[in-house]
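First the structure, in the form of structure tokens, and then the observations on it.
Bear in mind that the values in this text are calculations on the coordinates, not laboratory data. Computed from a prediction, not measured in an experiment: that's the story for all the values here. Counting neighbours? That spans all protein chains shown, and the Cβs are built from the backbone with ideal geometry, glycine included.
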Amino acid sequence: MPAGPSTVPVVLFWPWGEGDPATATLRALRANIPADTQVVVLDRARGFAAAVNSAAQGSGKADLALVADACKLPEGWLDRVRAAAYVDDTVAAATALACGPSAPLYRGFDDDPVLGPPAPGDPEPGSGGRDQARFPPVRPRVFRLWPHCAYLRRTAFDVIGPFDESLSHPASALDEFSARAVSRGLSAALADDVVARSLPGGLAPCPGHELDRVARRHPWAGAARAEEDALELGPLRRSLVAARVHSHATLSVTIDARALGPMTAGTQTYVAGLILALARSGQAAVRAVVRDGVPEVVIQAFENAGVEVVLEARALEGLPRTDIAHRPQQAFVPEDLRLLRRIGERVLITHLDLIGYRNPSYHASSDEWRRYRRLTRVALGAADCVLFPSEHARRDAVAEDLIEPMWTALAGVGVEPAAAEEPRTQPSAVPSGRELLVLIGADYLHKNRLFALDLVDQLRRRHDWRGVLVLAGAHVEHGGSADAEAELLRARPELAKHVIDLGPVKESEKRWLLERAQAVLCASTYEGFGLTPLEAAAAGTPCIYGAQTSLGEVVGEDPATIVPWDAAASADRAFPLLQHGEERERHLRALGEALHRHDWGSIAERLCEVYRKAIESPYRSSVPRAWEELLVREQLIIDLDRRYQELRERVAYGLALIDRDGLLTRQQQRGLMRIASRGWLRGPLLGPASLIGGMRSDDPAASSR
């Protein structure tokens, strides 16, 4: 669990109105926090968002606890809601479990002993009595913060930005802030051991126009709230089935390597390294299923290592099953899971992270995001074992109740230095003789390239650094930061002169950049596996990173130089890495030790042990039937959507005629249908219409009517 803040939080109280409810809430609030805790009563005349922003400016680096509605909070609420906010590096804020007639968080729990009215003589919910013993905190992720009680981590407030001051109501301001947090790869946690009992006389309903403003800015927010309301709160259904275990002297493994293609990103690097490591270990006979377009040099490396390479079409036609089918990345469509069932007796999936699961803005639509979430739940519930590249990634999935720990294992991630004979190519846009700071990765918002730009700006201003920031990575279609980066650079033309955006690069160009850079920059807010610092270490190059999520676990906290998310402080700590000296050498030694711990040889040995345990373990009994039924449902949804689109295309030309409010009345439509269905009427009556319809749009006769 991440460490808590070093400063005491400041409690901000929003007086929503005059009279007893606000006074009573403030009095009870003061009674249930330490006496030395600062309580700031916000200026109601300024509007909620503006008042919070002003108070935040005067609070130094302290976290902020907000109370903005009539409620009764239990003793010790501040410590517990703070613990929820610090349950993970990816959590930006926490919110109490608001309940009662005026603000039920989850509908349908009126009779629940925690959320419903307490029985006579029972302790108040959230007071540390009966309910806390029976309901230990789970602290699930949620998509919104509630005005009754919310806690904001200061580092998250700094990276997300202040509240939108066009929003004066607490509900809309907190909703909008939560949405921005999600778009940055962060989330909110529900402090389910802190029950905020709503009281009469609280906040007035949020004005509709403010909610509409939030919806326009974050179109997916409504779908996120609906998804939150629909999620099961308990763990996923799990069952076991007894089955015979087939053992082999040598493991046979099929790797779903269809992610490989012309371009290389972190996932592709991981998949290729995994296949080669398994084949070279001598403990497994390896088969790789690939698509067209894989570079010949990759295919040749596989075959030289003894890997059987087969194209996807052949795999779909049918292949002998191996002991293990392993997909070293998330499943995205039902076909991904069907393929695994065809090619292996036991199915393993490596789940890299929950970024796409939690972030609607990374998908083409809300429907696509929900479809991906459903499939993720099916995949992790149906696999014989789910592998995670880091303990952080595993803990994250377990916290979402996506999988039980007993069905998980750590896969790890390895990196090997590039061989001398592998090509290095200087990108044409990169000038020679300049100092380079390189950031490799697609421009997803959680990659935090905006912070990287601020960091470089601070290096220039504070340390007179004259190098160039090279951005090397694809521009994603959904959830990218390209527009925001362009806007920032337009506003800072001097900084723009020192930034080069290459877009996606070839593997040979990536090697050149890693080896020629003064340092590699990794500013991500969320990483499922800490690949970038290891790649930098393999190239003998320092890495400027923050000990966030898996990065601190895989590489270590001591070599980290980013102070989340303070660009000035990070620049001061990172600058010594950009010049020769003891600090740079000490940093490189630490990276080298991390690289040694994560070599592919030991990872392959560990994976083969996981494979053997999966083969020897009983099946999860209900999985085959549930998997097939759920996959059929998902495929039906896809097929229905496709047929709907086809139908729309077929009728689009005549829709203006047959629509309820179309050009023809219902009687005229029926009459036209009867004419068309009778051959002796169709020719003479519809023939002239065919002649007119066949005229070209540029024919004068077609427009003279």
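Residues whose amide H comes within less than 5 Å of that of Cys543, counting only those at least five positions distant or on another chain, are Val520 (H built at 1.01 Å from N in the peptide plane). Could you name the aspartates and glutamates whose alpha carbon sits less than 19 Å from that of Lys506, not counting residues in the same chain fewer than 8 places away? Cα-Cα hits under 19 Å: Asp292, Glu296, Glu416, Glu421, Glu422, Asp443, Glu515, Glu535. Shown in residue order for the stretch 521-531 are the 3J(HN,Hα) couplings computed by the Karplus curve 6.51 cos²θ - 1.76 cosθ + 1.60 at θ = phi - 60°: 10, 10, 9, 5, 7, 8, 10, x, 9, x, 6 Hz (x for Gly and Pro). Beta bridges from DSSP with both residues in the stretch 436-598: antiparallel share about 5 percent, rounded to the nearest 5. Under a model in which nothing but the beta-carbon of Lys, Arg (+1) and Asp, Glu (-1) is charged, the stretch 251-414 shows a dipole of about 220 debye around its Cα centre. Residues in the stretch 160-165 carry Karplus couplings, in order, of 7, x, x, 5, 6, 6 Hz; the curve used is 6.51 cos²θ - 1.76 cosθ + 1.60 with θ = phi - 60°, and Gly or Pro positions show x. Cα-based values for the stretch 436-598, radius of gyration first and Dmax second, are 14.6, 44 Å. Of the GluC sites (Glu not before Pro) found in the stretch 423-523, the ones in coil according to DSSP and having at most 13 other Cβ atoms within 10 Å of their Cβ are Glu477. Around the amide H of Ala191, modelled in the peptide plane, lie the amide H atoms of Thr95, Ala96, Leu97, all under 5 Å away and 5 or more residues distant in sequence or on another chain.
Our note on the geometry: Cα centres of the stretch 397-443 and the stretch 581-596, 18 Å apart. Classification of the stretch 251-414 by its C-alpha gyration tensor yields a prolate form. The axis ratio a/c (a ≥ b ≥ c) is 1.5 or more, and a/b outweighs b/c. Applying 1/(1 + (r/R0)^6) with r as the Cβ-Cβ distance of Arg682 and Arg217 and R0 = 56 angstrom yields a FRET efficiency of 0.55. Rg/Rh for the stretch 338-442 (Cα atoms only, Rh after Kirkwood) is 1.11. Local charge sum around Gly261 (other residues, Cβ-Cβ under 11 Å, Lys/Arg +1, Asp/Glu -1)? Charge balance in the 11 Å sphere: +1.
Once divided by 2.2 N^0.38 Å, the Cα radius of gyration of the stretch 311-357 becomes 1.20. Counting pairs of alpha carbon atoms under 8 Å apart in space and at least six apart in sequence, what relative contact order in percent does the stretch 436-598 give? This gives 24 percent for the stretch 436-598. Given Val398, His463, Tyr444, which one lies farthest toward the positive end of the charge dipole of the stretch 361-468, if we put +1 on the Cβ of every Lys and Arg and -1 on the Cβ of every Asp and Glu? With unit charges placed on the Cβ atoms, the residue in question is His463. The 3J(HN,Hα) values that the Karplus relation (6.51, -1.76, 1.60; θ = phi - 60°) gives for the stretch 580-587 are, in residue order, 5, x, 5, 5, 5, 5, 5, 4 Hz. Gly and Pro appear as x. In the stretch 428-521, taking the dipole from charged Cβ atoms about the Cα centre, the farthest positive-side position among His498, Ala474, Ala484 is held by His498.
A Förster radius of 30 Å combined with the Cβ-Cβ distance from Asp292 to Glu477 puts the calculated FRET efficiency at roughly 0.85. Taking a Cβ cut-off of under 12 Å around His475, the surrounding Lys, Arg, Asp and Glu residues balance to a net charge of -3, with basic ones at +1 and acidic ones at -1. Applying the criteria of a DSSP loop state and at most 11 other Cβ atoms within 10 Å to the trypsin sites (Lys or Arg not before Pro) of the stretch 437-533 yields Arg466, Lys497.
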